[in-house]
Amino acid sequence: MKTIITVSMVAAILLSACSGGGTDSVQDSVIPTDITVERGPVLGATVRDSKGQIGKSQGNGVYRFTNPSYPIESFGGYIDINRDGVAGVGDVAMGTLRLRTQSGNVMTIGTTMSENNETLSALIADGFSEDELLNARPSTDIDNAALSDEVYKYCLENNVTDPALLLLKDTNMTLLRGRIQDRKNEYSYLGLDAAALESILVSELALPTLQEDINTTDLNPMDNITNAIPASDLSLEQKDTLAYMWDEERLARDLYLALNELYPSQTLYNIATKAESQHALSVEGLIEKYDLNILNAPDYTGGYSQEILNGYVAGEFTLDVIKDLYDTLYVKGSASLQDTLEVGCMVEVTDINDLDRDIEIAAGAEDLVLVFENLRSGSYSHYWAFDKALKSQGVSTGCCVLGETYCKTTQEYPQNEKMGGRY
């Protein structure tokens with residue numbers, strides 16, 4: 001059973017004179033941190049910290065965070081082979097290769113491999129310095145470029161998605177270590193820059209290249225995550241969760257837009273159009289990936305159909321319980337602008353409660369877990385946006401006006417930076 005807002009709960013809120021404790025409004029100081037992601041420069045990636053904050057692209061493989069929490073990981077994107085700052089003709093998709101960093105401002109194959117201390121020791125024994133592995137970029141350090149290129153080649157040839165899994169201390173890694181040394185020597189002899197060397201590598205591997213330019217600003221960040229992680233064998237409970245969540249995320253979007261028609265609010269509009277719409281698409285991306293017919297419970301066979309799902313217009317849902325909830329919350333929100341904002345607090349708390357449980361259910365399916373964590377991080381931000389909007393309307397306690405159930409602190413709901421410049 002999901003922890004949904006029942007009709008009786010809404011009625012109780014409407015009838016009671018609610019009060020609650022104050023929230024912790026002290027925010028951390030704003031410290032922007034730029035992370036440079038390089039295979040060559042990686043454009044259009046989803047770069048995500050451990051709390052779910054997604055870095056905002058600054059161009060040329062640089063992603064900006066505010067107070068990031070390490071480790072930080074990169075999914076998808078495109079390698080800018082010609083270094084023109086555009087994901088376009090001649091560039092190469094990152095595919096399923098994932099990079100990571102545990103600290104600092106650089107994310108490369110070197111930082112990813114170095115998170116294993118024994119691999120780090122092996123690389124140092126082979127002539128790399130720790131600073132070179134953790135802080136240098138392939139574009140500016142020729143030895144780092146040799147490591148990056150040879151390991152990239154190995155990962156492609158052996159279907160390895162995570163370079164951290166390459167344990168160079170193992171005896172069966174002797175051949176790879178030798179190839180890295182050979183490439184170091186070759187690169188030192190050739191005297192070419194990293195871009196030219198990488199272009200040679202692309203030709204050497206006969207990699208498919210882009211045939212047209214891609215507008216990376218139009219990419220859904222969660223698509224990179226779903227596409228970069230191999231599919232799992234989902235349990236029936238995990239499929240149930242995806243089917244339910246498709247309706248739940250659409251409820252938030254449709255409800256906020258409908259209430260905004262009655263009481264125009266920049267908070268409602270921004271969250272609905274810039275976040276909830278993307279959240280619904282993220283869940284649908286997983287449904288498509290696993291080819292589920294969410295109308296065909298309990299086994300969901302029959303295949304994904306975008307046409308069928310597109311047939312559900314705003315305010316229509318596959319589940320009666322979600323439809324009843326939508327209607328009840330719409331009635332409450334129709335009373336006043338304050339009520340619309342209170343509904344926002346209620347929806348976000350309910351989403352977070354559900355996502356806490358859904359993340360546990362999704363264990364073992366990494367793509368589900370990461371998408372669900374991102375949705376929860378977004379709901380944290382939405383809650384505080386509604387809290388702030390209520391306070392701007394003169395409701396000094398913000399969401400706490402609804403009572404203890406909806407009164408949260410920043411310890412419970414971390415105040416992450418708006419992901420990708422969005423709510």
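Numbers for the structure displayed
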read-out: Computed FRET value (nearest 0.05) for Arg179 with Asn82, which takes r as the C-beta separation and R₀ as 30 Å; value: 0.70
read-out: Share antiparallel - DSSP beta bridges, the chain, percent rounded to 5; value: 90 percent
read-out: Charge dipole (the chain, unit charges on Cβ, about Cα centre) - positive-most of Ala243, Ile359, Leu201; value: Ile359
read-out: Distance (nanometres) between label positions extended 7 Å along Cα→Cβ at Glu130 and Thr217; value: 4.2 nm
read-out: The chain: most fluctuating residue of Ala385, Ala363, Ala252 per GNM, C-alpha cutoff 10 Å; value: Ala363
read-out: Contour minus Cα-Cα distance for Asp356 and Thr140 (0.36 nm per residue); value: 73.5 nm
read-out: Backbone HN-Hα couplings from phi across the range 392-408 [Karplus 6.51/-1.76/1.60, Hz, Gly and Pro as x]; value: 5, 8, x, 8, 4, 8, x, 4, 5, 4, 7, x, 4, 4, 10, 9, 10
read-out: Charge dipole of the range 221-285 about the Cα centre (unit charges at C-beta), most positive-ward option of Ala228, Leu268, His279; value: Leu268
read-out: MRE, 222 nm, helices only [DSSP H, n ≥ 4, -39500 (n - 2.57), over the chain, to nearest 500]; value: -15000 deg cm²/dmol
read-out: Electrostatic dipole magnitude of the range 32-218 [Cβ: Lys, Arg +1; Asp, Glu -1; Cα centre; debye, to 20]; value: 420 debye
read-out: Among Leu337, Gly394, Gly378 the positive-end extreme of the charge dipole of the range 309-423 (Cβ point charges); value: Gly394
read-out: Least to most buried among Leu337, Leu201 (fewest other Cβ within 10 Å first); value: Leu337, Leu201
read-out: Contour excess over end-to-end distance, with Cα ends at Tyr189 and Ser50 and 0.36 nm allotted per residue; value: 46.0 nm
read-out: Under 20 Å from the Asn117 label point (7 Å along Cα→beta-carbon), backbone N, the range 171-215; value: 171
read-out: Of all DSSP beta bridges in the range 32-218, antiparallel share, percent nearest 5; value: 90 percent
read-out: Under 5 Å, built H, 5+ apart or other chain: amide partners of Lys51; value: Ser69
read-out: From the coordinates shown, Cα extents along the principal axes in Å corresponds to which of [x] 67, 45, 41; [y] 79, 51, 39; [z] 61, 58, 55; value: [y]
read-out: Given charges at beta-carbon only (K, R positive; D, E negative), |dipole| of the range 203-345 in Debye; value: 300 debye
read-out: Centre separation in Å (Cα based) which lies between the range 206-266 and the range 109-157; value: 34 Å
read-out: Vicinal HN-Hα couplings computed from phi for the range 381-390 (Karplus, 6.51 cos²θ - 1.76 cosθ + 1.60; Hz; Gly/Pro x); value: 5, 5, 4, 6, 5, 5, 4, 5, 5, 5
read-out: In order through the range 116-131: 3J(HN,Hα) via Karplus (6.51 cos²θ - 1.76 cosθ + 1.60), integer Hz, x for Gly, Pro; value: 8, 4, 6, 5, 4, 4, 5, 5, 5, 5, 8, x, 7, 9, 4, 5
read-out: All-pairs alpha carbon distance profile, the range 275-381, 10 Å steps from 0, percent; value: 12, 37, 39, 11, 1
read-out: Normalised contact order of the chain, rounded percent, pairs of Cα under 8 Å and 6 or more residues apart; value: 19 percent
read-out: Aspartates and glutamates with Cα under 16 Å of Lys332, excluding same-chain neighbours fewer than 8 positions away; value: Asp254, Glu261, Asp324, Glu342, Glu348
read-out: Above-threshold pairs, the threshold being 20 Å between Cα atoms, out of Lys274/Lys388; Lys274/Lys391; Lys274/Lys323; Lys239/Lys274; Lys51/Lys323; Lys51/Lys289; value: Lys274/Lys391; Lys274/Lys323; Lys239/Lys274; Lys51/Lys323; Lys51/Lys289
read-out: The chain, dipole about Cα centre (Lys/Arg Cβ +1, Asp/Glu Cβ -1), debye to the nearest 20; value: 780 debye
read-out: Taking Tyr189, Tyr263 and counting other C-beta atoms within 10 Å, the order from fewest to most; value: Tyr189, Tyr263
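Each reported figure results from applying straightforward, stated rules to the coordinates on display, with no laboratory input. Keep in mind the model is a prediction, meaning the values are calculated, not measured. Every residue, glycine as well, gets a Cβ built from its backbone with ideal geometry; the counts of neighbours run over all protein chains shown.
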